[in-house]
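The values are calculated or read from the model by the stated rules, or taken from the named source; none is laboratory data. Keep in mind that this is a model prediction, so the values were computed, not measured. Cβ coordinates were reconstructed from backbone atoms using ideal geometry, including for glycine residues, and neighbour counts include every protein chain displayed. The protein model used for the area step is the full one, side chains on, heavy atoms only, and it has no ligands, DNA or RNA in it. Shrake-Rupley method; radii C 1.70, N 1.55, O 1.52, S 1.80 Å.
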Amino acid sequence: MAATSISVRKVSQFEIPDGTTEIKKANVTIGSIKKTPKTLTIEGRVFRLFVGNYTKTIDDEILVYNPEVDEYQQYENYQKAFEFDIFYSEHDQLLFLSTTTFIAKKFLKELSKIESVNIQYSTLKFDLESISGSMYQTKGVTFNSSDEGVSSKSFSGDEVDVNDEALEALRNDEATKIIGTLDILNKSRTIMLTQSGTILSFTSLSDIDKEYPMLEFSIATLMKINEI
């Protein structure tokens, strides 16, 4: 099964007009956010549902049939629209976006430029050393490197956190990503946390019989690591 991820941000302001707000760049619509009337409650926390949409340029050669000239034409890139759910908790000042870090980053950056929108956000700062200490196994650590010609290093294995370099990165708050196992929602799960704001599950969430299992999992994860 493919891994499932969600992007999370800390928000001090999140005021979105009713209905659909278009995101434009150079007078071209590149996305939108829709405020829905729907709310849901998880662990006593109320979330309002929004629907986001963002168009990304995919750099890949494709052939497209042009009926006007009755032939296929080659393009080096194309536009692809991504639609995703957004969940906002005013009480916890948290925003969850059911999309990749790249899309979430671009989407929020452009959304914050709209005059009718008031949004102030930042990424969560995980204490990866403490989280590693609470994991049954730390299976992966990624961190920035000052070695010549090397910008980052990744270590993987069953006892990564006893490696000197990985341990030093965790202690010095230099780690950017951690992978390991935690007991979340009554099941041992392999997860990944990144300092760019991603929560990812490598373990199937099919046992979470809820409308939005990834959101349920993410809330439980943040509670487990004492972020909320």
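General remarks:
- Folded to 0 to 90 degrees: helix 101-111 orientation relative to the chain principal axis, Cα: 50
- When segment 71-195 is reduced to its Cα atoms, the Kirkwood hydrodynamic radius in Å: 17.6
- Stokes-Einstein D in µm²/s, Kirkwood radius over Cα pairs - the chain at 37 °C with 0.692 mPa s viscosity: 168
- Relative to its residue count, segment 137-185 spans a Cα convex hull of 76 Å³ per residue.
- Computed on segment 53-145, the Cα convex hull volume stands at 218 Å³ per residue.
- Using only alpha-carbon positions in segment 97-138, the gyration tensor eigenvalues give semi-axes of 32, 12, 6 Å once each is multiplied by 5 and square-rooted (largest first).
- Degrees between helix 213-224 axis and first principal axis of the chain (Cα, 0 to 90, nearest 10): 40
- Residue-normalised accessible area of the chain, expressed per residue, 1.4 Å probe, Å²: 56
- Within the accessible area of the chain (1.4 Å probe), percent carbon and sulfur: 43
- Phi-derived couplings, Karplus 6.51 cos²θ - 1.76 cosθ + 1.60 at θ = phi - 60°, listed residue by residue for segment 4-11: 10, 10, 8, 9, 10, 9, 8, 10 Hz, with x used for Gly and Pro.
- Counting only lysines at least 8 places from residue 224 when in the same chain, those with an alpha carbon closer than 23 Å to its own are 10, 125, 139, 177, 187, 210.
- Within the chain, longest stretch clear of exposed GluC sites (Glu not before Pro) (DSSP loop, no more than 12 other Cβ within 10 Å): 160-210
- Listed by chain and number, the aspartates and glutamates whose C-alpha is less than 20 Å from the C-alpha of residue 34, apart from same-chain residues fewer than 8 away, are 15, 18, 22, 83, 85, 90, 110, 115, 211.
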